[in-house]
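Novice: Input: one structure, supplied below.
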Amino acid sequence: MISRFFFPCPLPDSGEIELPDALAHHALRVLRLRDGDPLVLFDGRGGELAARLQVRGRDALAVRDEYHALERESPLSLVLVQALASGEKMDWIVQKAVELGTSALVPLQAERCVLKLSGERAHKRVAHWRQVAISACEQSGRNRVPEIEPITGLREYLASAAVGSRLVLTPVEGRRLASLARPDAALHLLVGPEGGWSDEELAMCRAAGCVPVGLGPRVLRTETAGLAAVAALQALWGDF
């Protein structure tokens, strides 16, 4: 399998490409690529560049081969609005949501979140999740990196600019996904925290027009529920 790398600047149209230090270190020291090995570069704007690695002393360059205008994005624009999960669960959620084809992820500070983030800690964690998303794109073949939005509260999110359709996962009174009409715009999926939504939060969601949906009779963990729903929605209206 040819190694894929996110290039942090727009790819030049011609000439050799000098690889940034972090990218070169990963290629040479972590993946142990050698001079002449094939690789793929993408800059997040769609499409990818086939190239070959050229090592000159401590410098690493990419010699252009052929550009491919490939799109691997789902026809379903799906935004995962995920309440913060503790430990490494958020890393897992971000990674798998990107692999499953979500177009963006909104980390949400809900009332019953075990993890509480604000200020500099919040900024650093979001930056970390953005790197997780890039790595997931490198692995899964996506050429557009989903946006990881800043952490926001539920009230602020619901009051934000109008979006397409909003679904909120709830273990009770939720409609089956298969009973819903195909969305004609972006679809936002709200997933609660480990402690579940509070009654007030659910009332806020309903007042904002969110449609309650469920995933059957079993109660799923937050790191399972959102990803299961994303996969089901991709099977209904995406590219699964």
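Novice: Met204 fails exactly one of the following numbered conditions: (1) open to solvent by 80 Å² or more (accessible area, probe 1.4 Å); (2) over 14 Å from the mean Cα position of the chain (by Cα). What is the number of that condition?
Specialist: If we test Met204 against (1) open to solvent by 80 Å² or more (accessible area, probe 1.4 Å); (2) over 14 Å from the mean Cα position of the chain (by Cα), just (1) comes out false.
Novice: Further, regarding this structure: Would you be able to tell me the number of residues in the stretch 182-195 that are out of contact with any helix residue (DSSP H, G or I) (no Cβ under 8 Å at 6 or more places or on another chain) and at pLDDT below 95?
Specialist: Adding up the residues that qualify gives 4.
Matching residues to (1) free of Cβ contacts under 8 Å to residues at least 24 places away in the same chain; (2) in a helix (DSSP H, G or I); (3) within 20 Å of Leu78 (Cα to Cα):
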position	(1), (2), (3)
Ala203	yes, yes, no
Gly209	no, no, yes
Pro212	no, no, yes
Gly216	yes, no, no
Val219	no, no, no
Glu223	no, yes, yes
Leu227	no, yes, yes
Leu233	no, yes, yes
Asp239	no, no, yes
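Novice: Further question: If you scan the stretch 128-176, which residues turn out to be on the phi > 0 side of the Ramachandran plot and either more than 19 Å from the chain's Cα centre (by Cα) or without any contact (Cβ under 8 Å) to a residue 60 or more places away in the chain (or both)? Lay out the reasoning, then the answer.
Specialist: Of all residues in the stretch 128-176, those on the phi > 0 side of the Ramachandran plot come to 141, 173.
Correct list: Glu173 only.
Novice: Where residues in the stretch 99-148 are acidic (Asp, Glu) and in a helix (DSSP H, G or I), which of them is nearest to Ala185 (Cα to Cα)? Spell out how you get there, then give the answer.
Specialist: Let us first name the residues in the stretch 99-148 that are acidic (Asp, Glu), namely 99, 111, 120, 138, 147.
Okay, now just the ones that are also in a helix (DSSP H, G or I), so 99, 120, 138.
Values: Glu99: 21, Glu120: 34, Glu138: 27 Å.
Looking at residues that are acidic (Asp, Glu) and in a helix (DSSP H, G or I), I get Glu99.
Novice: Collect the residues in the stretch 161-175 that are assigned to a loop (DSSP other than H, G, I, E, B) and either surrounded by 12 or more Cβ atoms within 10 Å (Cβ to Cβ) or at pLDDT 95 or above (or both), keeping them in residue-number order. Spell out how you get there, then give the answer.
Specialist: From the stretch 161-175, those assigned to a loop (DSSP other than H, G, I, E, B) are 161-164, 170-174; that's our starting set.
Within the stretch 161-175, Val163, Gly164, Thr170, Pro171, Gly174 meet the criteria.
Novice: Okay, next question. Specify which of the listed residues (Trp197, Trp237) is out of contact with any Ser or Thr (no Cβ under 7 Å at 6 or more places or on another chain) and open to solvent by less than 40 Å² (accessible area, probe 1.4 Å). Quick ask: steps written out before the conclusion?
Specialist: Details: Trp197 fails: out of contact with any Ser or Thr (no Cβ under 7 Å at 6 or more places or on another chain).
The match here is Trp237.
Novice: If you check Gly87, Gly119, which single one turns out to be under 21 Å from the mean Cα position of the chain (by Cα) and open to solvent by less than 70 Å² (accessible area, probe 1.4 Å)?
Specialist: Working: Gly119 fails: under 21 Å from the mean Cα position of the chain (by Cα).
Unique residue meeting the criteria: Gly87.
Novice: Hey, can you tell me all the residues within the stretch 122-140 that are polar (S, T, N, Q) and either open to solvent by less than 80 Å² (accessible area, probe 1.4 Å) or within 19 Å of Thr152 (Cβ to Cβ) (or both)?
Specialist: Ser135, Ser140
Novice: Somewhere in the stretch 91-104, is a residue among the hydroxyl-bearing types (Ser, Thr, Tyr), out of contact with any Cys (no Cβ under 8 Å at 6 or more places or on another chain), under 21 Å from Ala228 (Cβ atoms) and open to solvent by 40 Å² or more (accessible area, probe 1.4 Å)?
Specialist: Quick first cut of the stretch 91-104, residues among the hydroxyl-bearing types (Ser, Thr, Tyr) only: 102-103.
Filter once more, so that each one left must be out of contact with any Cys (no Cβ under 8 Å at 6 or more places or on another chain): 102-103.
Narrowing the set further to residues that are under 21 Å from Ala228 (Cβ atoms) leaves 102-103.
Keeping just the survivors that are open to solvent by 40 Å² or more (accessible area, probe 1.4 Å) gives 103.
Yes.
Novice: Looking at the structure I just gave you, is Val145 farther than 29 Å from Ala69 by Cα and among the β-branched types (Val, Ile, Thr)?
Specialist: Judged against the criteria, Val145 is not a match.
The values are calculated or read from the model by the stated rules, or taken from the named source; none is laboratory data. All values reported here derive from a predicted model rather than from experimental measurement. No Cβ is skipped: glycine too gets one built from the backbone with ideal geometry, and neighbour counts run over all protein chains shown. To get the accessible areas, we keep the full protein, side chains included, count just its heavy atoms, and leave off ligands, DNA and RNA. Shrake-Rupley method; radii C 1.70, N 1.55, O 1.52, S 1.80 Å.
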